[in-house]
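Input: a single structure, listed below in structure tokens.
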Amino acid sequence: PARYDADAAQRRWQQYWQEHETFKARDDGSKERCYVLDMFPYPSGDLHMGHAEAFAMGDVVARYQRLRGYDVLHPIGWDSFGLPAENAAIKRNENPATWTYANIETQATSFKRYGLSLDWSRRLATSDPGYYKWTQWLFLKFRERGLAYRKESWVNWCPQDQTVLANEQVVNGLCERCGTQVTKRDLTQWFFKVTEYADRLLDDMAQLEGAWPARVLTMQRNWIGRSSGAYVDFRIEGRDEPVTVFTTRPDTLYGATFFVVAPDGKLAPEIVTDDHRAEFEAYLEKTKSETEIERQSTDREKTGVFLGVHAVNPINGEQIPIYAADYVLADYGTGAVMAVPAHDQRDLEFAQKFGIAVRVVVDTGEADPNETGVATAGNGSYVNSPVLEGISDKTAGVAKIISTLTEQGVGREAITYRLRDWLLSRQRFWGAPIPIIHCEECGEVPVPEDQLPVELPYLSGTDLNPKGTSPLAAAADWVNVACPQCGGPAKRDTDTMDTFVDSSWYFFRYCSPNDDQQAFDPAAVERWMPVAQYVGGVEHAILHLLYMRFFTKVLYDMGLVKFTEPMKRLLNQGQVINQGKSMSKSLGNGVDLGTQIDEFGVDAVRLTVVFASPPEEDVDWADVSPGGSLRFLQRAYRMAADVTSEPGVDVTGGDPALRSTVHKLMADITDCVEGQRFNVAIARVMEMVNATRKAIDGEIGADDPAVREAAEMITKSLSLFAPYVSEEMWELLGHQPSVADSGWPEVDQALLVTERVTCVVQVKGKVRARLEVSPTIGEDDLRELALADENVQRSLDGREVAKIIVRAPKLVSIVPA
Ligand code: ANZ
Ligand code: ZN
């Protein structure tokens, strides 16, 4: 019998697709456009199982939309700046580009072998000067709008890598890359003012509701962390300016029995008295080695030091002691809090440890926090709070205090966000240089646009070793330049940009990837975007997706794009794991994609990763069977080989039962693909193959037009998941390539309807109702149905039934008493 040779098919069709540019976006207006995008890969080594799954999912959508008749844009590129390239280059004593571009070539070859329906003509890499020129241009535009600025700030610092780390690069207090304990350091850094867009980032999520996974929206909402409350000004003895706190519970102001400031904020060292300075400084050192996550953790024992000064509560003039404690963060709210131990758990734990009074000001009916050690946070009537007397509702209490404080000029309504501005400076080599020149006379001077890109100098090996600041600082020829404004001696900024900047706009670039006059052609973007389907890992649920949304809104404000959300629909595929665990070298449970492909072929591997589970769930390689997938593909291939009718035969004359079965399955496949239940879609294709095989081997026979119709539907459906074998099958069925151009099957709605007959119901010989029923309905069911009918009931008008004759399925005759 006919056998599918995966290896030969892979070689043959890869070449065919390439020669015929089968998957090139036409962009000629002949068809409606549809942009399907996979998160672009980082070029670390060859493709792995994770890529195999993610890209198989994206390709299902791209191939489906293409068959549906869309002009599909399905591009590929590389997020090719970043630390691993730099570390590899130091190890190998070469320039990071060598490692990077070699890996890109390896991955490109593997992507082609993997049979993805990609438009290779739009390929890009963020480390190409032709790309990062525009990253730099965007930076300058953001700066012109006041959205990029420099400030001093504490940053996470890895002493080993000698670099600043973003919060997400710190895992349990350790550097994500090298495992060294992270410390804090004060540096002047570049930031993007993403906080200015906090409200829009929240509000525009309405556009994404139902189209993005709910958990991603929740994560983004929490990350932005909008809270409303009030600012309250406290005087401090011996100081002119008041200190402002942010509180979500201004209504508990009478319960504030102490005051806490962040040890690492500006205020603490200013107000600490000499008696307490040494103790404070020791505490500050300790705090610096802690991560934000540790500091916010609720089950940690509270620590802190008294600063020797008091604050004055503006509502009652009470003096309360000021502490520095690490549970208060320097850069949230104002970095200072009024502590209300009766109604805030952290404050209560602190008060109990330091012997501070706990004063209940809201009677919630719960037990006294003094005794239980549990702060009460609920609604209740206010006590010990003269201004709030008679009020017993939180909203009213908050409003009353805010109006009182506002009148007295010591407080006001406020909203704060967890979201911080985006620290984009990196003291590393392999990134887009920040296009700023620092001149002693003129200060910060942007590099003139006609001098972009600011290209990286050629450094390699140990020259790339971090030296506390960027390795770029050591490239004297590169750093020292004439000031573009005054011509005097000046220095280039030696920081490079966070790679999240590169990936915040690449999807725009794909619309006109070779344009050397602009970052992207707004007209091309308008034709293709927003992206219809974005596919990628949930590890990007927060930062990448938030930052690219931010970029899009800024570009909207610049008038360059006409929409505010770039990705209409998002799919987060799960991971490929093995034996219940993430694959890792240390566990030795890695599965090599190349080896799997060599053994089972691309189609079987692709089918396996998609069939294993719903797309958003993990695939455990220990539970799947690529061998089973291959056997199924052989079965499908043999089925196609056995069809004996000619292409174009009139299928309407085919076996009605088989047609009805197949059309129902086909309708289901379409629904499943639309609804991203790809695994179920594959199960239906398998059912279709079984039904068709049975028909071929049974009475219906290989020559029945219904068999051909089924085989063609199978081939088209299967091409979303197993493109190579499907091209072969399409050919076996007597068609010209490519199956990717063959169009999605039309389902005949008439064949979906289960057959019905009309049953006449008579009452006393008169027709009172007509019921649509199944031809096989039973007598009892029909009797019940007839008696339940509204018109029948009306004509019976409450009378008993004396006699009822049921002749299923066509007649019911009722005689009332
Ligand atoms: C007094 C109070 C009484 C508070 C009470 C809460 C309950 P969210 O909801 O997360 O915005 N806070 C303010 N700034 C802080 C900082 N920099 N570090 C740590 N905690 C800070 O939390 C706001 C509440 O967290 C604020 O309201 C403040 O404590 C504390 F019964 O003020 B509250
Ligand atoms: Zn100058």
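A short reminder: the numbers here are calculations on the coordinates, not readings from a lab. This structure is a prediction, so every number in the text was calculated from the model and none was measured. For neighbour counting, all protein chains shown are included, and Cβ atoms are generated from backbone atoms with ideal geometry for every residue, glycine included.
With no solvent and one equal point scatterer per Cα, compute the Debye intensity ratio I(q)/I(0) for the chain at 0.04, 0.05, 0.09, 0.10 Å⁻¹ and report its log10, rounded to two decimals. Those come out to -0.27, -0.41, -1.00, -1.11, one per q. Within the range 119-273, all pairs of alpha-carbon atoms sorted by distance into 5 Å bins from zero give the percentages 2, 6, 9, 9, 13, 19, 18, 11, 6, 3, 2, 1, 1, 0. DSSP bridge analysis restricted to the chain gives an antiparallel fraction near 75%, rounded to the nearest 5.
Enter the mean projected area of the convex hull around the alpha-carbon atoms of the range 271-378, in nm², rounded to one decimal.
Numbers: hull surface 30.5 nm².
Average of the hull's projected areas for the range 271-378 equals 7.6 nm².
What GluC sites (Glu not before Pro) does the range 202-285 have in DSSP loop regions with at most 16 other beta carbons within 10 Å? Could the numbers behind the result be given before it?
Values: sites: Glu209, Glu237, Glu270, Glu279, Glu281, Glu285; in loops: Glu209, Glu237.
Sites meeting the loop and neighbour criteria: Glu209, Glu237.
Taking the range 199-306 on its own, what percent of its Cα-Cα pair distances exceed 24 Å? So the pairs more than 24 Å apart make up 49 percent of the total in the range 199-306. Quick note on the range 50-154: its Rg to Rh ratio, both from C-alpha atoms and Rh being the Kirkwood radius, is 1.08.
Given a Förster radius of 41 Å and the C-beta distance between Arg756 and Ala214 as r, what FRET efficiency does 1/(1 + (r/R0)^6) yield to the nearest 0.05? Present the calculation step by step, with values, prior to reporting the outcome.
Working: r = 40 Å, r/R0 = 0.97.
So, using R0 = 41 Å, E works out to roughly 0.55.
List, in the order given, every pair from Lys302/Lys353; Lys568/Lys664; Lys24/Lys553; Lys266/Lys286 whose Cα-Cα distance in the structure shown is over 19 Å. Going by Cα-Cα distance, Lys568/Lys664; Lys24/Lys553 fall outside the 19 Å limit. Fully extending the segment from Glu449 to Thr364 would add 24.3 nm, taking 0.36 nm per residue of separation and subtracting the current Cα-Cα distance. Helix 49-67 and the longest principal axis of the C-alpha atoms of the chain enclose an angle of approximately 50°. Its Cα centre serving as origin, the range 572-663 has a Cβ charge dipole (Lys and Arg +1, Asp and Glu -1) of approximately 140 debye. The simple spin-label model puts a point 7 Å past each Cα toward its Cβ; for Glu94 and Thr248 those points are separated by 5.2 nm. Could you run the Debye sum over the Cα atoms of the range 200-249, one equal point scatterer each and no solvent, and tell me log10 of I(q)/I(0) at q = 0.14, 0.31 Å⁻¹, two decimals? Each listed q corresponds, in turn, to -0.55, -1.11.
Since only Ala357, Ala52, Pro242 are under comparison, the one whose Cα sits farthest along the positive direction of the charge dipole of the chain, derived from C-beta charges on Lys, Arg, Asp and Glu, is Ala52. In this label model, Glu413 and Thr109 are separated by 6.5 nm, measuring between points 7 Å along each Cα→Cβ vector.
Between Rg and the Kirkwood Rh of the range 665-733, both from Cα atoms, what is the Rg to Rh ratio? Expressed as Rg/Rh, it is 0.99.
How far is helix 129-144 tilted, in degrees, relative to the longest principal axis of the Cα atoms in the chain, given as a value from 0 to 90 rounded to the nearest 10? On a 0 to 90 degree scale, this one is about 50. Based on Cα contacts under 8 Å between residues 6+ apart, the range 283-393 shows a relative contact order of 17 percent. Applying 1/(1 + (r/R0)^6) with r as the Cβ-Cβ distance of Ser625 and Leu174 and R0 = 41 angstrom yields a FRET efficiency of 0.60. Paramagnetic label reach from Gln160 (point 7 Å along Cα→Cβ; backbone nitrogen cut-off under 20 Å): within the range 75-117, residues 82-93.
Over the chain, Cα pairs under 8 Å with separation of 6+ residues give a relative contact order of 14 percent. Taking Lys and Arg as +1 and Asp and Glu as -1, the other residues whose beta-carbon sits under 11 Å from that of Gly335 total -1. If you look at the Cα atoms of the range 247-312, you get an Rg and a Dmax of 13.4, 36 Å. Using the alpha-carbon atoms, what tilt in degrees (0 to 90, nearest 10) does helix 626-642 show relative to the longest principal axis of the chain? Orientation of helix 626-642: about 30 degrees from the principal axis. Equivalent ellipsoid of the range 505-549: semi-axes from √(5λ) of the C-alpha gyration tensor, largest first, are 23, 12, 8 Å.
Of the GluC sites (Glu not before Pro) found in the range 1-72, the ones in coil according to DSSP and having at most 11 other Cβ atoms within 10 Å of their Cβ are Glu32. The charge dipole of the range 447-525, taken about the Cα centre with unit charges on the Cβ atoms of Lys, Arg (+1) and Asp, Glu (-1), comes to about 280 debye, rounded to the nearest 20.
What is the Å³ per residue value for the convex hull set by the Cα atoms of the range 740-817? Spell out each step's value before the answer.
Working: hull volume 7.9 nm³, N = 78.
Here the figure is 101 Å³ per residue.
Pairs of Cα atoms in the range 421-568 fall into 10 Å distance bins, from 0 up to the last occupied one, in shares of 10, 31, 31, 22, 6, 0 percent.
Think of the chain as a dipole: +1 on every Lys or Arg Cβ, -1 on every Asp or Glu Cβ, centred on the Cα centre; then among Leu607, Ser795, Ala214, Ser795 lies furthest on the positive end. Quick one: Kirkwood hydrodynamic radius for the range 1-110, alpha-carbon pairs, angstrom, one decimal? One decimal place: 16.4 Å for the Kirkwood radius.
Which GluC sites (Glu not before Pro) in the range 721-753 pass both tests, a DSSP loop state and at most 15 other beta-carbon atoms within 10 Å?
Working: sites: Glu727, Glu728, Glu731, Glu746; in loops: Glu746.
For GluC sites (Glu not before Pro) across the range 721-753 that sit outside H, G, I, E and B with at most 15 neighbouring Cβ atoms in 10 Å, the list reads Glu746.
For Lys266 and Met558, what does the FRET efficiency come to when R0 = 45 Å and r is the distance between their Cβ atoms, rounded to the nearest 0.05? Once the sixth-power term is evaluated, E becomes 0.85. Only residues of the range 695-738 count here: report those whose backbone N is under 20 Å from the spot 7 Å along Cα→Cβ of Glu674, or say none. Once the point is set 7 Å along Cα→Cβ of Glu674, 713-714, 716-721 turn out to lie under 20 Å by backbone N, inside the range 695-738. Histogrammed with a bin width of 5 Å, the alpha carbon distances of the range 118-182 distribute as 4, 14, 14, 10, 15, 19, 15, 7, 3 percent, first bin at zero.
Projecting the Cα atoms of Ala377, Pro489, Thr257 onto the dipole axis of the chain, where Lys and Arg carry +1 and Asp and Glu carry -1 at the beta carbon, places Ala377 farthest toward the positive end.
Hey, what did the range 504-635 get for relative contact order, percent, Cα under 8 Å, at least 6 apart? Mind showing how you got there, number by number?
Working: 153 pairs, mean separation 27.9, N = 132.
It comes to 21 percent, rounded to a whole number.
Within the range 383-443, the percentage of alpha carbon pairs spaced more than 12 angstrom apart rounds to 79%.
Note on the chain: with charges restricted to the Cβ of Lys and Arg (+1) and Asp and Glu (-1), its dipole about the Cα centre is near 1240 debye.
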